[in-house]
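Trainee: The following block contains the structure, expressed as C-alpha cells.
The values are calculated or read from the model by the stated rules, or taken from the named source; none is laboratory data. All of these numbers come straight from a predicted model, not from anything done at the bench. Quick reminder, even Gly has a Cβ in these numbers, built from the backbone with ideal geometry, and neighbours come from all protein chains shown. In case anyone asks, the SASA skips ligands and DNA or RNA and just uses the protein heavy atoms, side chains included. Shrake-Rupley method; radii C 1.70, N 1.55, O 1.52, S 1.80 Å.
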Amino acid sequence: MELNEWQRLQCFGHRLQLAIENALKALTPASTKQAVERAVGVCKKVVSAFSNSWKRKRDLAKAQAVLGLPPHQLITETPTRWGSRQQMIQRFLEQEKALSQVLLADKKARNLVPSWQDMMVLESMNKALGPLFEFIDALSGEKYVTVSFLKPVLHLFNNEILSQKDGDTELSKAIKEGILKYLNEKYDDCTTNNLLDMATFVDPRFKTAYMKEERVEFIKMRAAAELVDMATPAPENAETATFISPPAAEDNPDLPYPTKKTKKSLGSYFKKAPAAGQGTSRSQSSRASIELELSMYLQTPGPDSEADPLVWWKQHELNFPLVARLAKKYLCIPATSSSSERAFSVSGNIVTCKRSCLKPNTVDQLVFLALNL
C-alpha cells in the first residue's frame, strides 16, 4: 500500500482498543495505576478459580438461583479479542454477590474475595468503558454501511459518551480523558479526516451534519473535483490502437485473403482536435452541471438515521447519477477489519492438521462457500 501510495483507513476497533490500553498505562499517580492492575488481577484469579473447578461452577449455579441472578457463566479475558477484559469485568460485577458467597464458603479460596477498594476500581472502569464496545459490535458488521458512522461516533464520544459527568470518579474521568486524547490525535490526520468527511458527505443520512463549518466548502470542492475526474473519459492510446489493428496480408502469410487498407478521410484528421475554446467550454459546462447536482443532492431531504443509505441511493441514483458513483466509491469501505479476520478464522478452521494437504484452489472454494452459504 505504501509503494502504490494507496490511501488506507485503520481499523476503528483496533484503535479504540489501543486508546483504552494507552489510557490505562498513562494513569497518574502510580498508586492509581497499581490499584487498577491489582483489581484486574483479582478479577482474573477469581474467573480462573471457577473455570478450573466443576464444584465451584456447581455452587455458583446454586447461588445464582438463590440470589435471583441470571445464570450466566464467567468470561475469560482473551488478549486478541477486543473488549474481552471489559466483558470479564462487567460479568464479574453482575455476579459479585454469588461469587463472594461461594468463595467465602470455600476455605481454600477465601483470599480471592475482592475488597471494597477493588470493587470501586472495577465499577469505575466499567462505567467509563462499558458503553464503548457496543459501538465496536455495531461497526463490525459486513452487510451494511459502516464507514460513514465514524465521524458521528467520534462526535458522540466527545460530546456525550466520554464527556465528564456528575458522579464520575477521578479514575473514570482520567480514563475517559485518555481515550479521547488518543482518538482525537489519531483521527486529526489530514488524509484520514478527508476520507471520513467524504464518506459522511455521500451518506444521505448525514451529509455535512458532522463536519466543521470551515471544511464544508472544501469537501464540496473536493467532491466536485473527483466527479470531474470520473466524468472525464480516459485518453485513447495511439500505441495500443496500432497494436490491436489487424495485420496486413504481406506481414502475415497465414491470412487467406489480403486485408484492404482503408483510406483516411479528411475529417478524421480533425476528429480529435476540437475547435479553439470548445474543450474549455465543455469542461466548464461539465463542472457547472456537477456543482448543480451536488447542490441539489445537499438540498434533498435525507432518510431517517436508521435507514439503509444503499436503498436510498438505489431509489435516487437516476436523480444524482454522478454523486451515486462517488457514494459507491466510499460507502463500500469497512470501518473495522472484522470481516477479514472472520475470513482468516474460517480458513484456520478449514485447513487443520488433518487437512493440511489441501490445494490452494480448493481452500479458496471452501472458504468462499463457508462465508457465503
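Trainee: Would you mind getting me the FRET efficiency between MET120 and SER163? Use the beta-carbon distance for r and R0 = 25 Å, nearest 0.05.
Mentor: Working: r = 22 Å, r/R0 = 0.86.
My answer for the efficiency is 0.70.
Trainee: Further question: Name the shape class, rounded, prolate or oblate, that the alpha-carbon gyration tensor gives for the stretch 98-181, where a ≥ b ≥ c are the square roots of its eigenvalues, rounded holds for a/c under 1.5, and otherwise prolate holds if a/b is larger than b/c and oblate otherwise.
Mentor: Working: a/c = 4.43, a/b = 1.86, b/c = 2.38.
Verdict is oblate for the stretch 98-181.
Trainee: I've got another one for you. Considering only protein heavy atoms and a probe of 1.4 Å, how much of the accessible area of the chain is carbon and sulfur, as a whole percent? Let's see the in-between values first.
Mentor: Details: 13230 of 24160 Å².
Carbon and sulfur atoms account for 55 percent of the accessible area of the chain.
Trainee: Ok, one more. Provide, for the stretch 100-236, the number of lysine pairs with alpha carbons under 16 Å apart, each pair being eight or more places apart or on different chains.
Mentor: 13
Trainee: From the phi of every residue in the stretch 59-65, what ³J(HN,Hα) in whole Hz does the Karplus formula 6.51 cos²θ - 1.76 cosθ + 1.60 yield, where θ is phi - 60° and glycine or proline is x?
Mentor: 5, 5, 4, 5, 5, 4, 5
Trainee: What accessible area per residue comes out for the stretch 24-106, rounded to a whole number of Å², with a 1.4 Å probe?
Mentor: Working: 4840 Å² over 83 residues.
The answer is 58 Å² per residue.
Trainee: Does anyone have the angle between helix 321-330 and the longest principal axis of the chain? Alpha-carbon axes, 0 to 90°, nearest 10?
Mentor: Around 40 degrees separate the two axes.
Trainee: While we're on this one: Can you compute the FRET efficiency between LEU67 and GLU2 using 1/(1 + (r/R0)^6), with r the Cβ-Cβ distance and R0 = 35 Å? Round to the nearest 0.05.
Mentor: On the way: r = 56 Å, r/R0 = 1.61.
So, using R0 = 35 Å, E works out to roughly 0.05.
Trainee: Given a cut-off of under 8 Å on Cα pairs at least six residues apart, what relative contact order in percent is computed for the stretch 1-110?
Mentor: Details: 63 pairs, mean separation 23.6, N = 110.
This gives 21 percent for the stretch 1-110.
Trainee: Now for a separate question. By how many degrees, 0 to 90 and rounded to 10, does the Cα axis of helix 84-94 deviate from the longest principal axis of the chain?
Mentor: 40
Trainee: Relative to the longest principal axis of the chain, what angle (0 to 90°, nearest 10) does the C-alpha long axis of helix 12-25 take?
Mentor: With rounding to tens, the tilt is 40 degrees.
Trainee: A follow-up question, please. For every helix of n ≥ 4 consecutive DSSP H residues, a contribution of -39,500 (n - 2.57) applies; sum these over the chain, divide by its total residues, and give [θ] at 222 nm rounded to the nearest 500 deg cm²/dmol. Kindly include the intermediate steps, with their values, before the conclusion.
Mentor: On the way: 17 runs with 221 residues, N = 373.
For the chain, the value works out to -19000 deg cm²/dmol.
Trainee: Remind me, relative contact order of the chain in percent, using alpha carbon pairs under 8 angstrom and six or more residues apart? Before the final figure, lay out the partial values.
Mentor: Details: 303 pairs, mean separation 80.1, N = 373.
In percent, rounded to a whole number, it is 21.
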